[in-house]
Amino acid sequence: MYVAVKGGETAIARSWDLQAAARRGDEAAPELSIDQIRQQLRLSVARVMQEGSLYDEELAALALKQASGDSIEAVFLLRAFRTTLPRFGQTLPLNTAAMRVRRRVSGTFKDVPGGQILGPTADYTQRLLDFGLTEAAPKIELEQAAAPLPDTLPGVLQLLDREGLIEADLPPEGDPEPVDLTREPLMFPAGRPARLQNLARGDEGWLLGLAYSTQRGYAESHPFAGEIRMGEVSVMVCPEALGFEIDIGEITLTECQMINQFAGSKTAPPQFTRGYGLSFGESERKAMAMALVDRSLRAEELGETAHAPAQQAEFVLYHSDNVEASGFVQHLKLPHYVDFQAELALIRQLRAAAADQEKADD
């Protein structure tokens, strides 16, 4: 039970001033611009867009600045703003097969059609602090490749698909309209489209921990990174008034296809199965974790025993949202005076009763 807090408006206003001053820091230092955050902290911007369910780099950068770099607070700010936006249409399904790839790697095949494309990544760095970054870096001259990358690259998993060694990637029977979790509550049992939506905007740390657990024996999972690709994908709409598709721009996405063993069942032969992850921006770790958890949540569908935490849909999906989690944990800062007084009175009553019993026993 909560009680209203009256008064204190002046103190609250002062706290806002203190927060603004703390956010600005030493005024002798140059203030961060939105463009600096968007350009130089692109991975943080991508995470805020992903978990905030809104692709807008400038707004995500503004949220990060307002939140003093607190990504969860920035996600909260972006989601709150998202609720004020009108809906005037919907896009067609994104065609990631037509992605203009900037990075594409596979852990299953050394030689893949189009080759392995490392792109921008910290995977091959030594993780040593670069003290040269304490000074302004000189302009980087990028060496041009001998031949440009093709416009599109074939999917790596097609190599297995041709031999029938991996499950078919087909829509559900009847291709029903997926539920929209931004407008409807999460209900169980949740279909895979709803689960993927939930995981897509779920907290990266939560998914990473669950994905790690599946690799440590808590879901009998032995995954392979079939393909991870990052690049730009066109966003298409088809207005009813026009009756044809229009390209309204492109967004940066990271897509991950995980491959897992499957011993077969009464209705399916032994084959590889899929786990899928898709995220805004350069969010490789998030996409990989999402793909691992997606596959774990398919245990019941594939006739496997669901005994690990990462295989329990209600546990995974109900606790994936960092805005809800943060709110519920931090609500303990609100006044709980009545509740606590009741608990305090109960403890005193129990102690008195215990003391009286002790005297009676003597």
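Using a probe of 1.4 angstrom, how much of the accessible area of the chain is carbon and sulfur, in percent? Walk me through the intermediate numbers first.
On the way: 13530 of 23850 Å².
Accessible surface attributable to carbon and sulfur in the chain totals 57 percent.
Say a site is exposed when it is one of the trypsin sites (Lys or Arg not before Pro), sits in a DSSP loop, and has at most 11 other Cβ atoms within 10 Å; what is then the longest site-free stretch of the chain? Numbers along the way, then the final one.
Values: sites that count: LYS6, ARG87, LYS110, ARG127, LYS139, ARG183, LYS266.
Formally, the longest exposed-site-free interval is 267-362.
Compute the orientation-averaged projected area for segment 82-184 from the convex hull of its Cα atoms and round it to one decimal in nm². Don't skip to the end; give the middle numbers.
Working: hull surface 53.3 nm².
Orientation-averaged projected area of the Cα hull: 13.3 nm².
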**OP:** Treating cross-link reach as a plain straight distance, find the aspartates and glutamates whose alpha-carbon is under 13 Å from the alpha-carbon of LYS286, omitting any fewer than eight places away in the same chain.
**Re:** GLU51, ASP203, GLU204, GLU255, ASP294
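Loop only per DSSP, at most 13 neighbouring Cβ atoms within 10 Å: give me the chymotrypsin sites (Phe, Trp or Tyr not before Pro) in segment 44-144, ordered by residue number.
Details: sites: TYR55, PHE76, PHE81, PHE88, PHE109, TYR124, PHE131; in loops: TYR55, PHE88, PHE109, TYR124.
Sparse-neighbourhood loop chymotrypsin sites (Phe, Trp or Tyr not before Pro): PHE88, TYR124.
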Subject >> Charged-residue dipole, Cβ positions (Lys, Arg, Asp, Glu), the chain about Cα centre, Debye nearest 20 >> reply: 320
**OP:** With a 1.4 Å probe and every protein chain left in place, work out the accessible area per residue of segment 129-225 in Å², rounded to a whole number.
**Re:** 74
**OP:** Please express the shape of segment 18-84 as an equivalent ellipsoid: the semi-axes are the square roots of 5 times the eigenvalues of the C-alpha gyration tensor, given largest first in whole angstrom.
**Re:** 21, 13, 9
Original post:
What is the Cα radius of gyration of segment 210-362 over 2.2 N^0.38 Å, N being its residue count?
Top reply: 1.75
**OP:** Along each of the three principal axes of the Cα atoms of segment 279-359, give the extent in whole Å, ordering the values from largest to smallest.
**Re:** 64, 34, 17
Original post:
Can you give me the pair-distance distribution of the chain, C-alpha pairs, 20 Å bins, whole percents?
Top reply: 22, 50, 22, 6, 1
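Hey, got a sec? Which GluC sites (Glu not before Pro) in segment 112-213 land in a DSSP loop and have at most 14 other Cβ atoms within 10 Å? Walk me through the intermediate numbers first.
Values: sites: GLU135, GLU141, GLU143, GLU163, GLU167, GLU173, GLU204; in loops: GLU135, GLU141, GLU143, GLU163, GLU167, GLU173.
Passing sites in segment 112-213 are GLU135, GLU141, GLU143, GLU163, GLU173.
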**OP:** Within segment 16-63, list the GluC sites (Glu not before Pro) lying in a DSSP loop whose Cβ has at most 10 other Cβ atoms in a 10 Å radius.
**Re:** GLU27, GLU31
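The values are calculated or read from the model by the stated rules, or taken from the named source; none is laboratory data. The structure presented is a predicted model; accordingly, all values stated were derived computationally and were not measured. Here the Cβ is made from the backbone with ideal geometry for all residues, glycine too, and neighbour counts use every protein chain on show. Just the protein is used for accessible areas: all its heavy atoms, side chains included, with ligands, DNA and RNA removed. Shrake-Rupley method; radii C 1.70, N 1.55, O 1.52, S 1.80 Å.
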